[in-house]
Amino acid sequence: MIELKQKIGDGFSSNLYLCDYEGKQCVIKIYKLKFSDKLRQKEIQILKSLDHPIILKIINHDPHYDYFICQQLKIDLLTIIKNGVQLEIGSVKQILLELCETIQYLHKLNHVH
């Protein structure tokens with residue numbers, strides 16, 4: 001059972017909510033009806049196929065591709081940047097290295113973000 005908690009994001013194709021799922025706090029991405037069924041299905045299938053340490057894993061999804069559930073991050077890079085957190089140069093280098101490695105991984109699989 002999924003219990004929606006709080007809206008945390010609103011985008012072109014979907015809304016993000018904190019939710020409780022199987023006793024864990026997770027995030028659910030609920031697609032807007034105007035977003036193509038084909039594109040929903042493609043996004044979910046791609047995400048399910050990925051295996052990389054900094055790419056979130058899909059825990060569950062609706063068989064009609066109306067939503068998917070993934071783990072909740074403790075904090076994300078966008079929040080860190082928006083909050084003006086000062087990072088050590090070593091941390092910045094590590095973040096950039098991980099981002100480049102992840103993009104390289106996606107490109108090797110012929111996925112573009």
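None of the figures in this text is laboratory data; all of them are computed from the coordinates on show. Keep in mind that what you see is a predicted model, and the values were worked out from it rather than measured. A quick note on method: Cβ atoms are made from the backbone with ideal geometry, for glycine too, and the neighbour counts reach across all protein chains shown.
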Does the range 27-41 include one or more residues that are in contact (Cβ under 8 Å) with a residue 40 or more places away in the chain and among the basic types (Lys, Arg)?
yes
Unmet criterion (only one of (1) surrounded by 10 or more Cβ atoms within 10 Å (Cβ to Cβ); (2) more than 15 Å from the chain's Cα centre (by Cα)) for Gln25
(2)
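Please verify whether Ile30 is touching a Phe, Trp or Tyr at 6+ places or on another chain (Cβ under 6 Å) and closer than 25 Å to Leu18 by Cβ, treating the condition exactly as stated.
yes
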